[in-house]
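Structure first, commentary second.
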Amino acid sequence: MGSGILLLTALEVADQMLRPENSGKHFVVNAVDVTSGALPGLMTYIRAQVLKAAEKKTVKLRKIYAGRPELIENSEIIEAYIADVMGIIRPGTRIEAAYDSTLVFEAVSENAALKTALFKQINENNANKPWIFTNTSSVPIGGLNSDASLDGRILGFHFYNPPAVQKLVELITIESNPAEMKEFALQLAKNMRKIIVPSNDIAGFIGNGHFMRDALYALGEAANLSASMPLHEAIYVMNTLSQDYLMRPMGIFQLIDYVGVDVVRFIMNVMNPHMASENLHSPLLDQFYDKGIKGGQFANGSQKDGILKYENGRPVAVYSLSDSAYIAFDTFKEKAQQWLGPMPAETIPWKNLIKAADKDATAALAFAAFKQQTTAGCRLALSYARHSRQIGLNLVSDGVAASAADVNTVLLTGFFHAYGPVNDFVV
């Protein structure tokens, strides 16, 4: 996340620096990491991405560099822009670099204590009273503000991963934020060409507020199904159901692996103390975690094995808690598919649905077919979709989201769903 945020920030700062009215002003972006070993690779990544960005806007850059007659070829202009962007970045490992900053983007783990300690250290040593934009996806902003004594100079600027690709930003503000700070954050997100969805300051916000509860539902259903079939088969069923029947880009257990079993579990633990009327905890997830099953990605972005095992990016097996080993899909897939029953012809792969001229109408045909059939797959798909819809409605009624449209936008944009969870065709 940090590398993508750095890229977007450096590009925006460089673009501002190159504006005529900012000529002569000094701009610096301090990139602070915990280890020096990661910095060379980070700078290599940034340079490669700036090259791609420059190649996409050579016409604009030619106008920007019109005052430099020595730059004739596009390649020369592109190299000048790369040099300007890279020239404002100061990589290092010392937090002291933030002591002179006026704006701080923070992207550490979802650990309120760690965030608070960092914010306190910066705030107590920085006379500029910097604005802090935290990339938290779950930790309430108000608590961070009070615990670090920031006097309202913090808001949630939640990028979705990877930030350079994902179009969504959840913007979480609190009442004590200065008006100019909120206006700046909104304009910055617009300059980064992001789709902005406001969220109220309730743990988990909209994205994780829906995802964590959606994951809990699937985990709970798998546990329930394990009374009549082996758990690894139940997990396969729920993963297949959520991907193929609900026409999502990946199954729910694959999504848990993508985010990280350990990360999902940690976020639930962050959110749970703030939820008086519900228990956001999965004993089944604890069991996988205790077995050392964590998922997540390698440095190159490829998927690590988690609850599911992957080959060439595709799931091929499920981890069996009882056997402490992965069980290949091929050994039980046919049995599980027979249990689900035939999938209606109206159900199409996500990659086809996402291209449909009217995605809602196309998805509605599949759900109409589900309602006409009594197979286990169709019944479970309807129950799953209706529960997902209710999660979205609860986010609105609980004051997390301003509207059902905002919930849908987060799932459509941040999670790449083809249709929003709050719709009428699943009822």
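Give me the pairs, please: first residue somewhere in the stretch 310-326 and modelled with pLDDT under 95, second residue anywhere and surrounded by 10 or more Cβ atoms within 10 Å (Cβ to Cβ), beta-carbon distance under 8 Å, and either six or more positions apart or on two chains.
As it stands, the answer is G313/S302; G313/Q303, since those pairs meet every condition given.
Since Q338 meets every condition but one in (1) surrounded by 13 or more Cβ atoms within 10 Å (Cβ to Cβ); (2) within 20 Å of L241 (Cβ to Cβ); (3) without any contact (Cβ under 8 Å) to a residue 40 or more places away in the chain, which condition does it not meet?
It fails just one condition, (1).
Tally the residues that are without any contact (Cβ under 8 Å) to a residue 60 or more places away in the chain, surrounded by 22 or more Cβ atoms within 10 Å (Cβ to Cβ) and among the hydroxyl-bearing types (S, T, Y), restricting the search to the stretch 174-226.
Total meeting the criteria: 0.
Sort out which residues of the stretch 288-306 are of a type outside the set (S, T, Y) and either surrounded by fewer than 17 Cβ atoms within 10 Å (Cβ to Cβ) or in a helix (DSSP H, G or I) (or both), and write them in order of number. Talk me through it step by step, then tell me what you get.
Residues of the stretch 288-306 of a type outside the set (S, T, Y): 288, 290-301, 303-306.
Within the stretch 288-306, F288, D290, K291, G292, G296, Q297, F298, A299, N300, G301, K304 qualify.
Would you point out which residue out of A404, A345, A368, A361 is farther than 21 Å from E221 by Cα, surrounded by fewer than 19 Cβ atoms within 10 Å (Cβ to Cβ) and either without any contact (Cβ under 8 Å) to a residue 12 or more places away in the chain or β-branched (V, I, T) (or both)? Please lay out each step first, then the result.
Working: A404 fails: either without any contact (Cβ under 8 Å) to a residue 12 or more places away in the chain or β-branched (V, I, T) (or both); A345 fails: either without any contact (Cβ under 8 Å) to a residue 12 or more places away in the chain or β-branched (V, I, T) (or both); A368 fails: either without any contact (Cβ under 8 Å) to a residue 12 or more places away in the chain or β-branched (V, I, T) (or both).
From the options A404, A345, A368, A361, the qualifying one is A361.
Working carefully through the options S75, S3, find the one that is closer than 30 Å to F298 by Cβ and among the hydroxyl-bearing types (S, T, Y).
On the way: S75 fails: closer than 30 Å to F298 by Cβ.
It is S3.
Would it be correct to say that L155 is in a strand (DSSP E or B) and surrounded by 15 or more Cβ atoms within 10 Å (Cβ to Cβ)? Outline the logic, then answer.
Values: in a strand (DSSP E or B): yes; surrounded by 15 or more Cβ atoms within 10 Å (Cβ to Cβ): yes.
So L155 fits the description; yes.
Provide a single number: the residues in the stretch 21-41 that are at positive phi and aliphatic (A, V, I, L, M). Lay out the reasoning, then the answer.
First, the residues of the stretch 21-41 that are at positive phi: 24.
Going one step further and asking which of them are aliphatic (A, V, I, L, M), we end up with none.
Final tally of qualifying residues: 0.
I'd like to know if the stretch 71-87 contains one or more residues that are of a type in the set (S, T, N, Q) and more than 30 Å from V34 (Cβ to Cβ).
Filtering the stretch 71-87 down to residues of a type in the set (S, T, N, Q) leaves 74-75.
Within this subset, residues satisfying the condition of being more than 30 Å from V34 (Cβ to Cβ) are 74-75.
Yes, the stretch 71-87 contains a residue that is of a type in the set (S, T, N, Q) and more than 30 Å from V34 (Cβ to Cβ).
The values are calculated or read from the model by the stated rules, or taken from the named source; none is laboratory data. Predicted model only: the values in this text are computed from it and were never measured. Here Cβ is always computed from backbone atoms with ideal geometry, including for glycine, and neighbour counts include all displayed protein chains.
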